[in-house]
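The values are calculated or read from the model by the stated rules, or taken from the named source; none is laboratory data. Predicted model, so just to flag it, every value in this text is computed and none were measured. Positions of Cβ are generated from backbone atoms using ideal geometry, with glycine treated the same way; all protein chains shown enter the neighbour counts.
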Amino acid sequence: MRYADGPTVECDVHIEADPARVWELVIDIELPARFSPELRRVRWLDDADRPAVNARFEGHNDNAVLGEWRTVSYVIELDALRVFGWAVVDPDGRFGGGTADPRTPMAAWRFDLEPEAGGTRLRHGARIGPARSGLSLAIDRMPEKEEALVRHRLAGLLAGIQDTLLGIKTLAEQTG
C-alpha cells in the first residue's frame, strides 16, 4: 500500500430515516467538524452557501503531529439525494505541493446515499493523494516505513469516518 496508489477507506451504516433527511445532514459542510478528530471549522468561500459543483469551502484542521493547517475544498460531484463529493487541496503549500494543477487534490471525500429497507444506507469514504499532504512529509522522513504510515493514516481516517457516520445516524434518527 503506497501513497502513489491513492489508497482509500470507507465505511457505511444503515440509518432509520428517509434519504431526504439524511441528505440535509450530509450537505451541511459544518457538520463533520462536530465529530472529526482533526477538522475544527469549515466555511463556504466565494459567497457560496450550499453545495454546487465547483463551489469552494475552507477547512481548518488540527493534528497532534502536524499542528494546524488550512485546506480549500471544492465540490466535484453532486447528485441530489445520492452523492456529495469534494476534493481537498493545500492552498498555502504547507505540504510542499508543487503540482502543475493547483486543483490536484491531496484527498477526495464523498458521501453516497441509497434508499434501503425504509431508511437510508449511507457510505462515507476518502481517497488520499495524489498531491502531497502531511502524510507525504512523514514518508519523506521515513520512506522505508511508507506502508505502515499509510496504514496508520487510513486507520485514523476510518475512525473519523465512523464517528461522523454515527453522528449523522444519531441526528437523523432523532429528528427523522
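Of all residues in the range 1-30, which are of a type in the set (Lys, Arg) and assigned to a loop (DSSP other than H, G, I, E, B)? Residue satisfying the conditions is 2 alone.
Looking at 6, 67, which one is free of Cβ contacts under 8 Å to residues at least 24 places away in the same chain, surrounded by fewer than 18 Cβ atoms within 10 Å (Cβ to Cβ) and closer than 27 Å to residue 151 by Cα? Matching residue, one of 6, 67: 67.
When the criteria are applied in full, residue 123 meets the requirement of being out of contact with any helix residue (DSSP H, G or I) (no Cβ under 6 Å at 6 or more places or on another chain), in a strand (DSSP E or B) and not aliphatic (A, V, I, L, M). Taken together, the residues in the range 116-130 that are in contact with a strand residue (DSSP E or B) (Cβ under 8 Å, 6 or more places away or on another chain), of a type outside the set (Lys, Arg) and over 14 Å from residue 7 (Cβ atoms) amount to 6. All of 68, 114 fail the test of being part of a strand (DSSP E or B), modelled with pLDDT under 95 and over 16 Å from the mean Cα position of the chain (by Cα), apart from 68. When 168, 76, 139 are checked against the criterion of being at pLDDT below 95 and among the aliphatic types (A, V, I, L, M), a single residue qualifies: 139.
Take the conditions under 28 Å from residue 137 (Cα atoms), touching a Lys or Arg at 6+ places or on another chain (Cβ under 6 Å), free of Cβ contacts under 8 Å to residues at least 60 places away in the same chain and in a helix (DSSP H, G or I) and apply them to residue 33. Does it pass?
Values: under 28 Å from residue 137 (Cα atoms): yes; touching a Lys or Arg at 6+ places or on another chain (Cβ under 6 Å): yes; free of Cβ contacts under 8 Å to residues at least 60 places away in the same chain: yes; in a helix (DSSP H, G or I): yes.
Yes: the conditions hold for residue 33.
For the range 126-167, a residue qualifies if it is under 17 Å from the mean Cα position of the chain (by Cα), of a type in the set (A, V, I, L, M, F, W, C) and part of a loop (DSSP other than H, G, I, E, B), and exactly one does: 131.
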